[in-house]
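Take a look at the structure set out below.
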Amino acid sequence: SMYYPLLKPGDTESLNKIRFSTYAAAALTQLMRKQRDAVGLTVFTDRINVAEQARSNAVHLKHVMTHLDALLATDAPAEGQKTSIVDALHDISNRAPRRSLVVIFSDMLEGADQAAMFDALQHLRFNKHDIILFHVVDRKKELELDLEDRPYTFVDLESGEQVKAHPAEVRDAYRTAVTDHWHQLKLKCGQYRIDLVEADINKGFSPILLEFLLKRARLY
C-alpha cells in the first residue's frame, strides 16, 4: 500500500508514499551524519528485507543510502506482496540499542489486526525507545476521498481485491471509518508517549525535518 499512488514507469519526478518516505529517510540520515549520530535502517514487507544495525562510519552510511536508492528504483510492489508492520516493529524493538530514537514511516494499514499493531508499538516503548511515527498519507485521496464524481474500481495493492464504487455514495461512511482509525491510532500513541505526525506526501519535507529536529532537541 506504500506504493500508492502507482507511478508510471520511468516517472522520476512524482511522489508516492514509498518514494516520499525514502527521500525523507535519506534527509534524516544526512542530518544524523552531520550530528555524528549512529544510524540504522530497517526495510520490511511481510518480512525484514533490510536490517542495518546503527553505526556511524562512512562505509555503513553508504550502505544505508544504497538501500534507499534501491527503493527509489522500484516503481511498483511485487505481485501479491503483503506487509506486516507488526513483525517489523517487534524485530526493531529487539535489535535496536536501548533508548534509541526510532523513526517510523508507515501508512499504518494493518487491516483488521489493529490490536496486534498497538501491542507492537507498546513493545517499542517497553524497551525504552523514543519514537516518532510519521503516518504517511495522500490526504486528499486517502483520507478525504477527494475523487472525481464518477464510478471507480478500487484495487487493493497488496491482495489484488477489487471493489467497484461511486465516491459520492461511500464518501461519508469512508471518512467516518478513516477518522475512527486515526483517532484510535492517536489515542494509543498518546497512551504510549509516541509522537504521531501526519506526513501528507503533498505537503513537502519541511514538516518532517522540523518535527525530527524538535524531537532531538527535547531528547538531547
Item to complete: Just give me the residues in the range 20-36 being of a type outside the set (A, V, I, L, M), surrounded by fewer than 21 Cβ atoms within 10 Å (Cβ to Cβ) and within 18 Å of the chain's Cα centre (by Cα), in sequence order.
Response: Tyr23, Thr29
Practice prompt. Find all pairs meeting these conditions: Cβ atoms under 7 angstrom apart; at least six residues apart or on different chains; first residue within the range 90-118 and assigned to a helix (DSSP H, G or I); second residue basic (Lys, Arg).
Written response: Phe118/Lys188
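Okay, residues lined up against (1) in a helix (DSSP H, G or I); (2) touching a helix residue (DSSP H, G or I) at 6+ places or on another chain (Cβ under 6 Å); (3) open to solvent by 70 Å² or more (accessible area, probe 1.4 Å):
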residue: Pro5; (1), (2), (3): no, no, no
residue: Leu15; (1), (2), (3): no, no, no
residue: Leu41; (1), (2), (3): no, yes, no
residue: Ala54; (1), (2), (3): no, no, no
residue: Asp69; (1), (2), (3): yes, no, yes
residue: Gln81; (1), (2), (3): no, no, no
Practice prompt. Go through Glu158, Glu142, Glu148 for me and flag whichever is within 16 Å of the chain's Cα centre (by Cα), in a loop (DSSP other than H, G, I, E, B) and touching a residue at least 12 places away in the same chain (Cβ under 8 Å).
Written response: Glu158
Worksheet item: Taking into account only those residues within the range 170-195 that are open to solvent by less than 40 Å² (accessible area, probe 1.4 Å) and among the aliphatic types (A, V, I, L, M), which is farthest from Gln114 (Cα to Cα)?
Response: Ile194
Practice prompt. Any residue in the range 171-194 that's farther than 24 Å from Lys140 by Cβ: show its pairings with residues that are among the basic types (Lys, Arg) and open to solvent by less than 50 Å² (accessible area, probe 1.4 Å) at Cβ separation under 7 Å, as long as the two are six or more apart or on different chains.
Written response: Tyr192/Arg125; Arg193/Arg125; Ile194/Arg125
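Can you work out which of the residues in the range 88-112 that are under 24 Å from Asn16 (Cβ atoms) and at pLDDT below 85 is least open to solvent (accessible area, probe 1.4 Å)?
The selected residue is Glu110.
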Worksheet entry | Flag for Val50 being over 17 Å from Phe134 (Cβ atoms) and surrounded by fewer than 13 Cβ atoms within 10 Å (Cβ to Cβ) | no
Fill in: Conditions (1) touching a Phe, Trp or Tyr at 6+ places or on another chain (Cβ under 6 Å); (2) exposed (fewer than 15 other Cβ atoms within 10 Å of the Cβ); (3) at pLDDT 90 or above; number of the one not met by Lys62
(1)
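The values are calculated or read from the model by the stated rules, or taken from the named source; none is laboratory data. None of these values were measured; they are calculated from a predicted model. Every residue, glycine among them, receives a Cβ derived from its backbone with ideal geometry; neighbour counts consider all protein chains shown. These area figures cover heavy atoms from the full protein model, side chains too; ligands, DNA and RNA do not enter into them. Shrake-Rupley method; radii C 1.70, N 1.55, O 1.52, S 1.80 Å.
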